[in-house]
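> Can you read through this structure? Questions will come right after.
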Amino acid sequence: MAEQNYAFVVDGMVTNIAVFDAPTEELLAHFKAELSLHHIVLAHEEPKAAIGGTWDGTKFTLAAPHASWVLNADNDWEAPVAMPVTEGKYYTWNEETVSWQEHDIPVETPE
């Protein structure tokens, strides 16, 4: 049997990920008891479980990339300001200013 990822969940937060190859119910129960876990969830759907993310009982949500970002209707994180698109530029998020920082795309010149 193929290895499977299991999320260890406490208070709705994914605290760890373990990879098992056909674990028994007894083994999962042992981990749950020893680590004071609320849930051990087979992480097979998208998005996959990730440490720092959450489990609401039906789906995983990845941790927010920045504190100001919010979940949209598709369960994806979205910046509070849309990222601009400018040819020859790329953008990175600046949480302090809650804005996108513009950068030039380096141009390689032949030697």
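> Output the residue which, of all residues in segment 1-35 that are modelled with pLDDT under 85 and among the acidic types (Asp, Glu), is nearest to Lys48 (Cα to Cα).
Checking each candidate, the answer is Glu3.
> Can you pull out the residues in segment 71-111 that are closer than 22 Å to Thr61 by Cα, surrounded by fewer than 10 Cβ atoms within 10 Å (Cβ to Cβ) and at pLDDT below 95?
Selection gives Asn72, Ala73, Asp74.
> Another question about this same structure. For segment 90-102, indicate whether the set of residues that are in the same structural domain as Asn16 (by TED's automatic domain parsing) and aromatic (Phe, Trp, Tyr) is non-empty.
No, every residue in segment 90-102 fails to be in the same structural domain as Asn16 (by TED's automatic domain parsing) and aromatic (Phe, Trp, Tyr).
> Test Thr15 against the criterion of being among the hydroxyl-bearing types (Ser, Thr, Tyr) and not in a strand (DSSP E or B), and give yes or no.
no
> Kindly list, by first and then second residue, each pair from a residue in segment 100-111 that is in a loop (DSSP other than H, G, I, E, B) to a residue that is of a type outside the set (Lys, Arg) and surrounded by 10 or more Cβ atoms within 10 Å (Cβ to Cβ), limited to pairs with Cβ atoms under 7 Å and residues at least 6 apart or on different chains.
Ile105/Tyr90
> Could I ask something else about it? Select from segment 53-68 the residues that are over 13 Å from the mean Cα position of the chain (by Cα) and modelled with pLDDT of 90 or more and write down the one among them that is surrounded by the most Cβ atoms within 10 Å (Cβ to Cβ).
Result: Ser68.
> Would you say Glu45 is surrounded by fewer than 12 Cβ atoms within 10 Å (Cβ to Cβ), in a loop (DSSP other than H, G, I, E, B) and at pLDDT 85 or above?
no
> Any residue in segment 63-85 that is outside the structural domain of His103 (by TED's automatic domain parsing), assigned to a loop (DSSP other than H, G, I, E, B), of a type in the set (S, T, N, Q) and without any contact (Cβ under 8 Å) to a residue 60 or more places away in the chain?
no
The values are calculated or read from the model by the stated rules, or taken from the named source; none is laboratory data. Bear in mind the structure is a predicted one, so any value in this text is a computation, not a measurement. Don't worry about glycine lacking a Cβ; one is built from the backbone with ideal geometry, like all the others, and counts go over all protein chains shown.
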